[in-house]
Amino acid sequence: MSNRIRSLLLIVAVLGGAVIAAVTLLRMLAPDAVAWTEDLHPTFLARLGGSTTETIVGLCGALGAIAVAVFAATSPRARSGLTALRVAALLIAAVVAFGTPGGVIPAAGYTFALLVVGGIVVATVLLAIRHPWIGLPVALVMAAGVVYAVANLEAGPLVPRILDAMLDTLPTMLLSLAHVMTAACLLAWVIGVSVDARGAFARWVLRHRVAITVIAALCSVPYTFARLTWLTPWPMFGGGAEMFADSPGTQLTGLLLGTGMLFGGLLTLGLVRPWGERFPRWMAGLGGRIVPPALAILPASLVSVLFTSGGIEFALEGVLSPAGRLDVLYVMTMFPFWLWGPLLGLATWAYAMHRSAPSAPDEDAEARARAMAHLAELESREA
């Protein structure tokens, strides 16, 4: 990543840390000013040590994020990536992430599912521009699917319903976003300044990056499969023919979330696939261009933090629940965010190391090659 992007990450980390610290102090000194925080789900830190521990550790994490980011931005030595500073940034990122209010995964799931729908529409448009004989039939099929969903699955009011639900929890979502963004920016900064595989562990991660990434992507399979069964007479994971008959929107919502999970797995695979380094040829205006490393590293770091903090919360709730072991295993298998998040973080780090290697696509080198070819063509014409 460029120095400009790394500097931007540090700025966002400072702002996010300031928001978290301000809200925490208000909860301590003037709770009436932030009365909406009374409805927050308990954080992982609160589950471990209680509300007092959550407040103290959370405030220290927020102030630590500000301190590390400011030092990294202003110290000349820090710009080269001091090992101690990187370790401190990772530890503080973990503290901030585990201070995220609980219950963030469902809201993130709906948000990502809507983004996936938008992404599919954009990709279809780009395909239609580049290859109209393929893109236009695909667009017609998608349009037919939308018409069917509106007519038979209550798709019309679905998006407004989701947006209304999000607006009701907007302050909570913004606070959760501050936690996740702060931790993700610190993680992405560490990845950005530590892209060489010098240590034994870094070399191991780089050597096994394909296996790590594939296992991370496979974490999307159980939930996706369960949701796909809602299209069959044998629905799993809470589905049922009577439920779908009474509330067709429920079936559509489940399928939408399953689609989001499926594309999450596919995007994870992009960290080791060619289209994760160059945009596919069928994308009009982008096809063949080099994918900026930050375009993959930043979202992947964000999702890694989100999945890790939310996944461990899911796992902890399952372990502490009075349900039987089979039920706990079922939930942890259906929602393996506790595994997907850490593996995605390692896969992202490996992707950054791979992209920084001399053999990786280099945009400047490509531009120089094009310029040299153009000069050679001009010289041949003059000759």
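The values are calculated or read from the model by the stated rules, or taken from the named source; none is laboratory data. Bear in mind that the values here come from a model prediction, so they are computed numbers and not experimental data. Cβ atoms come from the backbone with ideal geometry, glycine included; neighbour counts cover every protein chain shown. Heavy atoms of the whole protein, side chains included, go into the accessibility calculation; ligands, DNA and RNA do not. Shrake-Rupley method; radii C 1.70, N 1.55, O 1.52, S 1.80 Å.
In the Gaussian network model of the chain, springs joining C-alpha atoms below 10 Å, which of Ala88, Ala149, Ala184 carries the largest mean-square fluctuation?
Ranking Ala88, Ala149, Ala184 by mean-square fluctuation puts Ala149 first.
Tell me which residues come under 5 Å, amide H to amide H, from His41 once H is placed; ignore anything under 5 positions away on its chain.
Gly102
Run the 1.4 Å probe and let me know the accessible area of Glu54, rounded to the nearest 10 Å².
Accessible area, nearest 10 Å²: 30 Å².
Indicate the gyration tensor shape class of the chain (rounded, prolate or oblate), computed on the Cα atoms with a ≥ b ≥ c the square roots of the eigenvalues: a/c under 1.5 is rounded; otherwise a/b larger than b/c is prolate and the rest oblate.
oblate
Using a simple spin-label model with points 7 Å from Cα along the Cα→Cβ vector, what separation in nm is obtained for Leu228 and Ala245?
My value for the distance between the label points is 2.7 nm.
Label-point separation (nm) for Glu38 and Val138, each offset 7 Å from Cα along Cα-to-Cβ?
Rounded to a tenth, the inter-label distance reads 5.2 nm.
Defining a contact as two alpha carbons under 8 Å apart and six or more residues distant in sequence, what relative contact order in percent does region 161-302 show?
25
Would you rank Ile290, Ile5 by solvent-accessible area, highest first, keeping every protein chain in place and using a 1.4 Å probe?
Ile5, Ile290
Under a GNM of the chain (C-alpha, springs under 10 Å), which listed residue has the highest mean-square fluctuation: Pro233, Pro274, Pro292?
Of Pro233, Pro274, Pro292, the Gaussian network model singles out Pro233 as fluctuating most.
Find out how many positive minus negative residues lie around Glu313, taking Lys and Arg as positive, Asp and Glu as negative, among other residues whose Cβ is under 14 Å from that of Glu313.
Its environment carries a net charge of -1.
Just read off the accessible area of Ile312 with the full protein assembly in place, 1.4 Å probe, to the nearest 10 Å².
Roll a 1.4 Å probe over it and Ile312 shows about 50 Å².
Tally Lys and Arg at +1 and Asp and Glu at -1 over the other residues with C-beta under 14 Å from the C-beta of Thr37: what net charge comes out?
Its environment carries a net charge of -3.
Could you order Tyr148, Tyr330 by accessible surface area, starting with the largest, using a probe radius of 1.4 Å?
Largest accessible area first, the list is Tyr148, Tyr330.
If amide hydrogens are placed 1.01 Å from N in the peptide plane, which non-local residues have theirs closer than 5 Å to the one on Arg278?
Val291
At 1.4 Å probe size, put His179, His41, His354 in order of accessible surface, largest to smallest.
Putting His179, His41, His354 in descending order of accessible area: His41, His354, His179.
Is region 8-94 best put as rounded, prolate or oblate by its Cα gyration tensor, with a ≥ b ≥ c the root eigenvalues, rounded for a/c under 1.5, and otherwise prolate when a/b is larger than b/c, oblate when not?
It is prolate, given that a/c is not under 1.5 and a/b is the larger ratio.
Using a 1.4 Å probe on the protein heavy atoms, what percent of the accessible area of region 135-247 belongs to carbon and sulfur?
The computed percentage sits at 74.
Quick check on region 56-136: take the gyration tensor over C-alpha atoms, sort the square-rooted eigenvalues as a ≥ b ≥ c, and tell me if it's rounded (a/c under 1.5), prolate or oblate.
Oblate shape, in that a/c is at least 1.5 and b/c is the bigger or equal ratio.
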